[in-house]
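Structure first, then comments.
The values are calculated or read from the model by the stated rules, or taken from the named source; none is laboratory data. The model shown is predicted, which means the values in this text are computed figures rather than measured ones. Cβ coordinates were reconstructed from backbone atoms using ideal geometry, including for glycine residues, and neighbour counts include every protein chain displayed. The accessibility values were calculated without ligands, DNA or RNA, using every heavy atom of the protein model including side chains. Shrake-Rupley method; radii C 1.70, N 1.55, O 1.52, S 1.80 Å.
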Amino acid sequence: QVQLVESGGGLVQAGDSLRLSCAASGRAGIVFAMAWFRQAPEKEREFVAAIGYNGRNTGYGDSVKGRFTISRDNAKNTVHLQMNSLKPGEADVYYCAGKTDNGLGTSESWYDYWGQGTQVTVSS
C-alpha cells in the first residue's frame, strides 16, 4: 500500500507564490507517475500537472502552463508543485496522485493512489 500526504497549503494573496509538497510512504518505490489535481466546491476535479519517474517528462493543464512547475525528488519520495502568480479562482483543494506506471495521465481515473488534499486559499 502507498500513502500520499500533501502539505504546504495556506492563505495567500493574488499574485503570490506557494509551494506544495507530497510525501509518499509505504511502498513508495512502486509509484512512478505522480500528479497534482485540484477541486473547487461543487466542481469536478481538474488536472494540474504530472511528472514521470525520471523527472524530465512533465505535463500541465492549459490554465497553469508557464506559472506552475512540478518536480520530484525520488531519493525522498516527494513531489512538489511550485505555483506562481496565483489567481483568486485557484482557491481549491489540491490533491496529490500516484500511479504504478510511468506515464503522464491527465484523468483522475488513471491514478491508483490519492492523498487527502491540502487547501489553498487565494484572496483578491
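Provide a single number: the residues in region 104-124 that are loosely packed, with under 15 Cβ neighbours inside 10 Å and assigned to a loop (DSSP other than H, G, I, E, B).
Of the residues in region 104-124, 4 are loosely packed, with under 15 Cβ neighbours inside 10 Å and assigned to a loop (DSSP other than H, G, I, E, B).
State yes or no: is residue 31 β-branched (Val, Ile, Thr), at pLDDT below 95 and under 18 Å from residue 5 (Cβ atoms)?
Yes: the conditions hold for residue 31.
Please go through region 9-53 and give me each residue that is open to solvent by 30 Å² or more (accessible area, probe 1.4 Å), assigned to a loop (DSSP other than H, G, I, E, B) and more than 16 Å from residue 109 (Cβ to Cβ), ordered by number.
Matches in region 9-53: 9, 14, 15, 16, 17, 27, 32, 41, 42, 43, 53.
Can you name the condition, by its number, that residue 62 falls short on among (1) touching a Ser or Thr at 6+ places or on another chain (Cβ under 9 Å); (2) at pLDDT 95 or above; (3) open to solvent by 60 Å² or more (accessible area, probe 1.4 Å)?
(1)
Take the residues in region 65-98 that are of a type outside the set (Gly, Ala, Ser), part of a strand (DSSP E or B) and in contact with a helix residue (DSSP H, G or I) (Cβ under 9 Å, 6 or more places away or on another chain); name whichever of them is surrounded by the fewest Cβ atoms within 10 Å (Cβ to Cβ).
That would be 95.
How about region 64-88: which of its residues are touching a residue at least 12 places away in the same chain (Cβ under 8 Å) and farther than 15 Å from residue 6 by Cα?
Those that are touching a residue at least 12 places away in the same chain (Cβ under 8 Å) and farther than 15 Å from residue 6 by Cα: 64, 67, 68, 69, 74, 84, 85, 86, 87, 88.
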